[in-house]
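Down below is the structure, laid out as structure tokens.
The values are calculated or read from the model by the stated rules, or taken from the named source; none is laboratory data. These numbers come from a predicted model, not from an experiment. Every residue, glycine as well, gets a Cβ built from its backbone with ideal geometry; the counts of neighbours run over all protein chains shown.
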Amino acid sequence: MNKPPPLRQVIQCGGGVAIVCMAALIPERGLPNDRLLSLGGAAIGTIFIVHAALSGVCRPSRQAVGDGLDRVLFHWDEENVFTERDLLAGGVGIYGMTGSGKTSSSGRVLAEALVSRAGSGGLIVAAKPGEDRAMWQKIFRDAGRADDLLIFSPEHHLRFNFLDFEMSQGGETRNITKCITVIGETLRSADTDKREAADFWQRETERMIFNAVEVVKRATGRVTAPDLHRFLVGAATHPSQFTSDEWLAGFHNQCLKAAWGKPKSPVERHDFDLAKEYFLGELPNMADKTRSSIMVGALGLLHVFNVGTVRELASTTTNVRPDDLFRGRWLLIDMPVSRYGEVGAFVIGGWKYLVQRAILARVASADTPPVVVWCDEAQTAVTSFDAHFLAQCRSHHGCMVMLSQSLPGYYAALGGQNGKQYVDALQASLTTKVFHALGDLETANWASGLVGRSLTTFTGGASSPSDGAYQTLLGGSQFSSNFSEAYENTLQANDFMHGLRTGGPRNGFVCDCFVVRSGQPFASGKNWLATSFSQNGGAS
């Protein structure tokens with residue numbers, strides 16, 4: 001990409017400060033040379049001349065303009081806005097290699113716009129220790145909402161018992177089982193076995209947990225990770241154990257007896273009979289290697305619930321719930337995977353899944369504030385439920401904002417036989433995609449394909465010696481030209497990988513990007529535009 005000439009642009013920021021700056025975008029994209037961006041707020045009339053590097057800067061409105069779904073959150077440029085309707089159309093995906101500025105530029109502008117939306121709530125997954133918490137705390141202070149940001153971490157007092165919450169939502173055995181297994185996907189993200197057999201073991205592990213939940217729930221009236229663990233550890237591994245005094249007095253058999261004696265509806269009786277048959281008939285007669293492999297998967301998952309930081313945060317008491325996000329609160333899960341590893345991934349996975357379920361259960365009107373699930377380094381917390389959530393969340397005024405380095409990162413996280421299909425469905429549901437400088441060809445080719453193709457004219461020619469020795473002596477020649485047309489990618493993969501500024505002092509703290517939108521075209525009639533974001537909010 002050649003270095004573009006300066007482009008003059010006027011930005012009116014929230015709070016009324018107008019900034020005139022020289023932008024440096026791409027001339028061959030057909031962008032206008034003079035642009036006016038209005039982001040709301042009363043004009044104070046102070047004009048600053050800013051160096052050319054602070055260019056094309058998108059800024060959020062400090063006070064949302066419009067009503068309902070037409071409320072403007074910020075402007076891409078003088079002709080194109082990002083509204084609440086765009087946000088709730090599915091979600092936003094932000095992509096860029098490490099150091100491209102996706103979090104500090106476009107991510108920050110979007111975050112400021114969302115927090116400035118009165119009544120909004122959300123779940124925030126931190127990716128960088130310390131740095132993300134400081135950024136979000138400043139955003140909330142600047143918006144006058146410092147008290148609306150709650151922080152969930154081992155160093156803070158908030159606690160949330162995942163399984164107790166699921167029980168309070170109706171206590172369906174299938175839902176409790178799904179909660180446990182979806183959270184468990186975050187533990188497999190780094191080493192998922194992609195062989196077809198892996199799906200068999202996952203299904204069988206889920207079936208074992210389902211049957212254990214069914215019995216323990218009927219016997220005790222609640223479901224806890226310690227009880228599930230004790231119940232499975234005490235399961236008979238051979239029919240001869242059924243006459244053993246130790247097994248008969250054990251927790252497993254006592255749960256079966258208590259559940260048997262509880263009154264049940266016909267549906268409950270049917271489910272319990274299947275669970276009883278599983279533990280008294282199928283499991284003891286299963287091949288040792290098969291039974292051991294299934295048991296290891298189930299106990300390994302429950303073990304995380306039962307020990308250390310996870311037990312304290314997610315298996316004890318509850319003083320914060322997903323419902324709090326519907327009342328204008330935001331919860332920051334300050335447990336980056338880079339620092340907390342599997343423990344952080346497990347807590348993040350539980351919170352994210354249960355918030356998504358709560359959003360899908362609520363009834364929203366046109367003026368219901370949005371609830372956002374914000375995931376930085378989203379590949380570390382992605383689950384198969386994300387695509388399901390995005391396909392339905394619009395009518396419930398929920399959405400996701402997912403920041404990640406590349407498409408292969410998602411594929412690696414969601415392995416297995418259907419991993420690619422889950423990722424493709426997820427990406428299709430993110431209707432607004434922001435591409436900063438990319439670092440891999442696969443993501444760049446994918447981004448280029450999303451933009452599509454346009455009719456391109458190719459020209460060529462050739463020269464040959466002229467007729468006659470005299471004309472040749474004088475330097476004369478004959479020239480023939482040719483023209484052809486073909487459909488080529490409008491933006492090449494190279495455009496996404498090279499020539500985009502990545503912020504920092506060297507680039508005037510400006511990050512360039514391409515925005516690709518599904519469904520609703522931009523004012524140009526195209527599905528993409530080129531713009532820039534400032535890492536310091538455009539201030540001179």
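Things to note:
- Among the residues of the range 124-182, just one is in a helix (DSSP H, G or I), in contact with a Ser or Thr (Cβ under 9 Å, 6 or more places away or on another chain) and basic (Lys, Arg), namely ARG133.
- All of LEU403, LEU430 fail the test of being in contact (Cβ under 8 Å) with a residue 40 or more places away in the chain, of a type outside the set (Val, Ile, Thr) and out of contact with any helix residue (DSSP H, G or I) (no Cβ under 6 Å at 6 or more places or on another chain), apart from LEU430.
- Applying a threshold of 7 Å to beta carbon distances and a minimum spacing of six or more residues, or different chains, the list of pairs starting in the range 287-303 at a residue that is in the same structural domain as ILE209 (by TED's automatic domain parsing) and ending at one that is not in a helix (DSSP H, G or I) reads ARG291/THR237; ARG291/LEU283.
Listed here are the residues, each with its yes/no results for (1) hydrophobic (A, V, I, L, M, F, W, C); (2) surrounded by 12 or more Cβ atoms within 10 Å (Cβ to Cβ).
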| site | (1), (2) |
| --- | --- |
| ALA225 | yes, yes |
| HIS229 | no, yes |
| VAL233 | yes, yes |
| SER240 | no, no |
| ALA249 | yes, no |
| LYS264 | no, yes |
| HIS270 | no, no |
| SER293 | no, yes |
| HIS303 | no, yes |
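- Qualifying residues in the range 518-534 (those that are of a type outside the set (A, V, I, L, M, F, W, C) and either crowded, with 22+ Cβ neighbours inside 10 Å or on the phi > 0 side of the Ramachandran plot (or both)) - the one modelled with the lowest pLDDT: GLY519
- The set of residues in the range 68-100 that are under 22 Å from the mean Cα position of the chain (by Cα), in a helix (DSSP H, G or I) and either charged (D, E, K, R) or closer than 23 Å to GLU377 by Cβ (or both) comprises GLU84, ARG85, ASP86, LEU87.
- ASP324, sole failed condition from (1) acidic (Asp, Glu); (2) over 18 Å from ARG222 (Cα atoms); (3) assigned by TED's automatic domain parsing to the domain that holds ALA219: (3)
- From the list VAL355, VAL382, VAL372, the one residue that fits, being assigned to a loop (DSSP other than H, G, I, E, B) and either in contact (Cβ under 8 Å) with a residue 24 or more places away in the chain or closer than 14 Å to LEU88 by Cβ (or both), is VAL382.
- Scanning the range 296-345 for residues that are closer than 21 Å to ALA111 by Cβ, assigned to a helix (DSSP H, G or I) and among the aliphatic types (A, V, I, L, M) gives LEU325, VAL337.
- Test: LEU438 is touching a helix residue (DSSP H, G or I) at 6+ places or on another chain (Cβ under 9 Å), buried (at least 18 other Cβ atoms within 10 Å of the Cβ) and farther than 18 Å from GLY91 by Cβ: yes
- In the range 365-375, of all residues being touching a Gly at 6+ places or on another chain (Cβ under 8 Å) and surrounded by fewer than 22 Cβ atoms within 10 Å (Cβ to Cβ), the one that is nearest to SER120 (Cα to Cα) corresponds to PRO369.
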